[in-house]
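What follows is a single structure, written as structure tokens, with notes after it.
The values are calculated or read from the model by the stated rules, or taken from the named source; none is laboratory data. In this text, all values refer to a predicted model and were calculated from it rather than measured experimentally. As a convention, Cβ positions derive from the backbone with ideal geometry for all residues, glycine included, and neighbour counts pool all protein chains shown. SASA here: full protein model, heavy atoms, side chains in, ligands and nucleic acids out. Shrake-Rupley method; radii C 1.70, N 1.55, O 1.52, S 1.80 Å.
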Amino acid sequence: QVQLVESGGGLVQAGGSLRLSCAASGSILSLNTMGWYRQAPGKQRALVATITSKGTPNYADSVKGRFTISSSRDNAKNMVYLQMNSLKPEDTAVYYCTLQWPGDAYWGQGTQVTVSS
């Protein structure tokens, strides 16, 4: 089984920064994609950013230039981070960490990010 534990959410003013972290543990295939999705009230869960095990990032257009995804992978622990700068009220959502490979997708419990105007 795979477990994902997120941390780092909170309340911040517009223009501020937050850093999300996610620790993945368990039986993890070496070729995988880790990343972040978010779900705002009344909206569907949407991609924020992902990064492959080879280090290739992918960003939603709405966060390009403001958010940076990074990861560290070793035998003991797989981590993914999301540095969020220049936050806007529209970034307010529950942020979910994900770990995926063909045929499987795992999700964290979510962490709330609230950006006040």
Pairs, please: C-beta under 7 Å, at least 6 apart or cross-chain, first residue under 26 Å from Gly10 (Cβ atoms) and in the stretch 101-117, second open to solvent by 50 Å² or more (accessible area, probe 1.4 Å) and aromatic (Phe, Trp, Tyr)?
-> none
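Within the stretch 1-14, can you find the residues that are surrounded by 15 or more Cβ atoms within 10 Å (Cβ to Cβ), closer than 18 Å to Tyr106 by Cβ and aliphatic (A, V, I, L, M)?
If the condition is that a residue be surrounded by 15 or more Cβ atoms within 10 Å (Cβ to Cβ), closer than 18 Å to Tyr106 by Cβ and aliphatic (A, V, I, L, M), then Val2, Leu4 are the ones that fit.
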Filtering the stretch 15-48 down to residues that are within 25 Å of Gln1 (Cβ to Cβ) and not in a strand (DSSP E or B), which residue is most open to solvent (accessible area, probe 1.4 Å)?
-> Leu31
